[in-house]
Amino acid sequence: MSETKKLTRKEKFSAAPVNIKKENSIQENNSWSRYYVWIVTLIAGLLYFNTVKFDYALDDYASILENRSTQKGDVKEIFKTSYRYGSYMSSDELYRPIPKLLFAKQWAFSPNNAHIGHWMNVGLYAFLAIVVFSFCKRILKGNLLYSFLACLLFISFPIHTEVVANIKSVDEILAMLFGFLSLNMLLDYLSAKKIFSVIISIFFFFLSLLCKESSITLLAVLPLLVYYFGDGKFKENIFVFVAFIGIIVFYFLIRSNVYGIVPIGTLPSSSDNLLVKVLGSLERYTTAIYYLGLYLFRIVVPYGLTFDASFPQLSVVGISSIEFLLAFVVLSSLFALAIYGVIRKEMYGFALMFFFITVSLSSNIFTLIGTQYGERLMFMPSFGIGLAVIALIAKFNIKQAPALLAIVVLIYGSITIDRNNVWENNYTLYRSGLISAPNSARTNYYLGNYLIKENNLVGKSQSDQNKILNEGVSYLKKSVQLTPYFSDAWDQMGLAYMRLKEYNSSRNAFINALSCNSNDPKINNNYGNLLFNTSQADSALFYFEKAFSLKADYTDAINNIGSVYGNKGEFQKALTYFEKSYAIDPNNIMTNRFLGMTWKNMGNTMMAQQYLMRAESLSANKSN
């Protein structure tokens with residue numbers, strides 16, 4: 001009688017369809033699964049618990065704090081307009097109604113309260129950890145330990161701080177959450193062949209698209225799932241692909257109803273994405289590959305993390321540069337390994353291919369997006385890197401791996417908790433930018449712009465105000481030294497000099513801003529303010545009207561036109577413009593004050609009191 005050969009641990013893994021197999025009865029026990037779920041949920045929450053007391057920062061302003069559409073909370077309007085619609089100067093071609101609806105509900109529940117948004121981000125991140133663990137458990141054939149380690153590694157990556165610590169970036173969390181719920185349901189279908197699972201999977205995929213456009217890359221993950229976990233029976237599952245494509249078509253029909261047909265090849269601004277300036281050249285691709293290599297490095301080695309790395313902190317690199325060559329060798333090797341792994345149905349192949357698929361849109365290699373660098377863009381792709389590490393550990397049966405990973409997670413966790421602090425508010429964030437990216441024109445602009453804002457000067461003596469304004473000007477000057485065509489920096493410099501009453505310097509700065517971008521409504525309006533304040537009302541009116549013609553819902557410009565007419569004593573004309581502004585934003589404090597003052601000048605005390613009292617009420621609510 002032949003003796004049955006006892007399989008080694010390594011042979012057990014290689015015997016599985018994807019070379020990963022259940023290890024022992026303990027890992028198969030449901031109680032262990034619950035323990036792991038509680039642990040990853042707890043760790044995900046603890047990593048970002050110190051963010052719940054933070055204020056609004058960066059893009060939170062355009063999305064929430066300075067967005068009248070978000071604050072209005074009209075659900076129909078939110079689903080019929082763009083993501084940043086309602087923010088005075090932000091225009092975009094993004095359609096993300098679910099995150100915006102979430103912001104609106106947060107604002108309705110507790111206005112001007114950033115804490116509720118941070119609590120929501122932490123809670124959703126913890127829930128995402130559960131969903132990711134469930135997904136790992138399915139694709140790793142129930143191996144609880146490796147599923148736990150893959151999930152733990154993902155949630156501890158410090159590069160995620162920009163997502164979880166910034167309220168606006170809940171769009172990334174929600175997109176991945178719904179995306180992975182969709183993948184989980186598709187795996188249910190592949191194992192049980194229940195049509196209902198496909199329907200729910202498509203529904204979650206659609207929700208993911210409504211959170212962030214880049215979720216569309218998950219469509220390319222579907223064939224991988226069928227190949228690995230559906231016995232490669234593509235013909236039997238063709239209707240699944242057709243259904244997913246159908247929901248994508250439906251999604252684009254909704255978008256086209258909001259934006260119209262966006263022309264193919266529409267480019268972002270070169271101030272947002274440097275690669276626009278080298279479009280059509282080889283450097284456009286060598287630079288994009290270098291940036292992708294930098295992303296990969298910072299996922300694994302969280303050194304040099306920054307909220308911004310715009311020109312010239314990151315600049316164009318050529319084909320002979322060491323930056324490109326190193327990135328190309330590493331990425332090419334990983335891609336070749338991914339293909340080899342997929343052919344052999346190795347889990348590391350699936351993981352690496354997941355990374356390359358989900359990073360494809362944000363990489364700027366295939367299409368140019370609205371930014372050249374953003375660590376939030378690595379949120380979903382980083383899962384593939386973490387999973388690949390665990391898959392290779394399983395492949396080679398590295399027994400010391402759990403202990404080593406525990407050390408890595410502890411290091412990552414300490415970096416994450418410390419890194420969170422830079423997102424406490426705009427000031428801490430912008431100050432950190434000068435350390436992490438001192439040669440970025442935008443980091444200098446952001447800090448300069450923050451310092452010169454009126455609400456940063458309120459309650460301070462004139463000498464202190466001048467000191468702060470001059471400090472702000474110094475950063476704005478550095479910004480335009482780094483990028484002379486940076487119109488926003490010139491514009492804010494003009495405002496700063498105007499508040500310093502250095503009117504000649506203010507005029508020169510505004511002229512430079514207009515020479516860079518003469519069709520920017522904000523610059524035209526701000527230059528008009530300078531002219532109005534220096535008794536050049538007729539010239540000011542020209543720039544106010546131009547700003548209004550460029551942006552029909554620009555209430556600041558509309559109010560300024562009314563002010564010019566009011567200053568001339570033409571109160572009926574002034575009233576017409578103030579009423580236009582009120583129709584756009586009835587909660588604008590200055591609009592209500594202007595209406596009250598105009599009605600008072602026209603002798604209607606009752607109407608004057610109505611608007612002036614409303615202005616005071618709105619001001620009090622804002623202060624609270």
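The values are calculated or read from the model by the stated rules, or taken from the named source; none is laboratory data. The shown structure was predicted, so the numbers you read here are calculated from the model rather than taken from an experiment. Positions of Cβ are backbone-derived with ideal geometry, glycine not excepted, and every protein chain shown enters the neighbour counts. Accessible surface is based on the protein model in full, side chains and every heavy atom, while ligands, DNA and RNA are left aside. Shrake-Rupley method; radii C 1.70, N 1.55, O 1.52, S 1.80 Å.
Taken per residue, the accessible surface of the range 122-162 reaches 16 Å², heavy atoms only and a 1.4 Å probe.
Dipole of the chain (Lys/Arg Cβ +1, Asp/Glu Cβ -1, origin at the Cα centre): which of ASN420, ASN67, PHE157 lies farthest to the positive side? So the residue furthest toward the plus end is PHE157. The residue list LEU177, ASN517, ILE98 was ranked by how far each Cα lies along the charge dipole of the chain toward its positive end, using unit charges on Cβ atoms, and LEU177 comes out on top.
The helix-based estimate of mean residue ellipticity at 222 nm for the chain, built from -39,500 (n - 2.57) per DSSP H run of four or more residues and divided by its residue count, is -21500 deg cm²/dmol to the nearest 500.
Nearest 0.05, what FRET efficiency do LEU42 and SER505 give at R0 = 35 Å with Cβ-Cβ as r? Computed FRET efficiency for LEU42 and SER505 comes out at 0.05. Would you work out which of PRO312, ALA441, TYR373 lies farthest towards the positive end of the dipole of the chain, given +1 charges on the beta-carbon of Lys and Arg and -1 on that of Asp and Glu, about the Cα centre? In the chain, that residue is TYR373.
Here the 3J(HN,Hα) profile of the range 202-217, calculated from phi with Karplus coefficients 6.51, -1.76 and 1.60 at θ = phi - 60°, is 5, 4, 5, 4, 5, 4, 4, 5, 6, 9, 6, 4, 5, 4, 4, 5 Hz, Gly and Pro shown as x. Ignoring aspartates and glutamates fewer than eight residues from LYS105 along the same chain, the ones with Cα atoms less than 12 angstrom from its Cα are ASP74.
Taking the 1.4 Å solvent-accessible surface of the chain as the whole, the part contributed by carbon and sulfur is 60%. Across the range 71-84, coupling constants 3J(HN,Hα) worked out from phi with the 6.51/-1.76/1.60 Karplus curve, θ = phi - 60°, read 6, 5, x, 6, 4, 4, 5, 4, 7, 9, 10, 6, 4, 9 Hz, and Gly and Pro carry x. Probing with 1.4 Å while keeping every protein chain in the model, the per residue accessible area of the range 448-539 equals 47 Å². Rolling a 1.4 Å probe across all protein chains gives GLU323 an accessible area of roughly 80 Å².
Please report the net charge: other residues with Cβ closer than 14 Å to the Cβ of ILE319, K and R +1, D and E -1. So the environment of ILE319 carries a net charge of -1. Rounded to the nearest 20 debye, the dipole magnitude of the range 249-379 is 280 debye, with +1 charges on Lys and Arg beta carbons, -1 on Asp and Glu beta carbons, and the Cα centre as origin.
Taking other residues whose beta carbon is less than 13 angstrom from the beta carbon of LEU186, and scoring Lys, Arg as +1 and Asp, Glu as -1, yields +2. For THR371, nonlocal amide neighbours, meaning residues 5 or more places apart or on other chains whose placed amide H falls under 5 Å from its own, do not occur.
For the chain, the longest principal axis of the alpha carbon atoms and the long axis of helix 589-601 meet at an angle near 20°. The magnitude of the dipole of the range 158-277, with charges of +1 and -1 set on the Cβ of Lys/Arg and Asp/Glu and taken from the Cα centre, is near 240 debye.
Net charge dipole, the chain: roughly 1320 debye, given to the nearest 20, about the Cα centre with Cβ charges of +1 for Lys and Arg and -1 for Asp and Glu.
Between helix 605-623 and the chain there is an angle of about 40 degrees, using the helix long axis and the longest principal axis of the Cα atoms. Separation of the range 495-512 and the range 139-199, taken as the distance between their Cα centroids, equals 51 angstrom.
So how far, in whole Å, is the C-alpha centre of the range 33-54 from the one of the range 384-417? The range 33-54 and the range 384-417 have Cα centres spaced 18 Å from each other. For mean projected area of the Cα convex hull in nm², the value calculated from this model appears in [x] 44.6; [y] 32.0; [z] 37.1 under label [y]. In this rough spin-label picture, where each label sits 7 Å from Cα along the Cβ direction, the SER270-ASN112 distance is 4.2 nm. For the chain, the longest principal axis of the alpha carbon atoms and the long axis of helix 97-109 meet at an angle near 60°. Extension gain, ASP464 to VAL75, is 135.6 nm, computed as 0.36 nm per intervening residue step minus the present C-alpha separation. Computed from label points 7 Å out along Cα-Cβ, the spacing between LEU326 and TYR35 is 4.2 nm.
Taking Lys and Arg as +1 and Asp and Glu as -1, the other residues whose beta-carbon sits under 15 Å from that of GLU236 total +3. Count the lysine pairs in the range 385-478 whose Cα atoms sit under 30 Å apart, keeping only pairs 8 or more residues apart in sequence or on different chains. The result is 7.
How many lysine pairs are close in the range 488-579, with Cα atoms under 21 Å apart and the two 8 or more places apart or on different chains? Summing the qualifying lysine pairs gives 6.
The accessible-area ordering, largest first, of the residues TRP423, TRP119, TRP107 stands as TRP119, TRP107, TRP423, per a 1.4 angstrom probe.
Converting phi to 3J(HN,Hα) with the Karplus coefficients 6.51, -1.76 and 1.60 and the offset θ = phi - 60°, the range 142-158 yields x, 6, 5, 4, 5, 5, 4, 5, 5, 5, 4, 5, 4, 5, 8, 4, x Hz in sequence order, with x at every glycine or proline. Stretching the chain fully between VAL278 and ASN397 yields a gain of 38.2 nm (0.36 nm per residue, less the alpha carbon separation).
If you look for lysine pairs in the range 116-247 that are eight or more places apart or on different chains, how many of them have Cα atoms under 23 Å apart? For the range 116-247, the number of qualifying lysine pairs is 11.
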